[in-house]
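The values are calculated or read from the model by the stated rules, or taken from the named source; none is laboratory data. Just so we're clear, the structure is a prediction, and the values are computed from it rather than from any experiment. Neighbour counts run over all protein chains shown; Cβ positions are idealised from the backbone, glycine included.
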Amino acid sequence: NGTFVAAAGGAAEQKAAAAAQSYAEAAQRLGLPRDRALSLAQDAVRAAYAR
């Protein structure tokens, strides 16, 4: 049981990391400065967790 929970958490973290990587690459392609890209990502996370 504990192994399944750990595996599920690992998969969720891998998916989140892949999404974050995709976002970072897209922001860079769009020419956003690093600080602005981080700020936008933080705003999105805050908004999602505020629901």
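Restricting the first member to the stretch 11-33 and to residues that are in contact (Cβ under 8 Å) with a residue 60 or more places away in the chain and within 17 Å of Val45 (Cα to Cα), and the second to residues that are among the aromatic types (Phe, Trp, Tyr) and exposed (fewer than 10 other Cβ atoms within 10 Å of the Cβ), no beta-carbon pair is closer than 7 Å while six or more apart or on different chains.
Taken together, the residues in the stretch 1-44 that are assigned to a helix (DSSP H, G or I), exposed (fewer than 10 other Cβ atoms within 10 Å of the Cβ) and either modelled with pLDDT of 95 or more or acidic (Asp, Glu) (or both) amount to 2.
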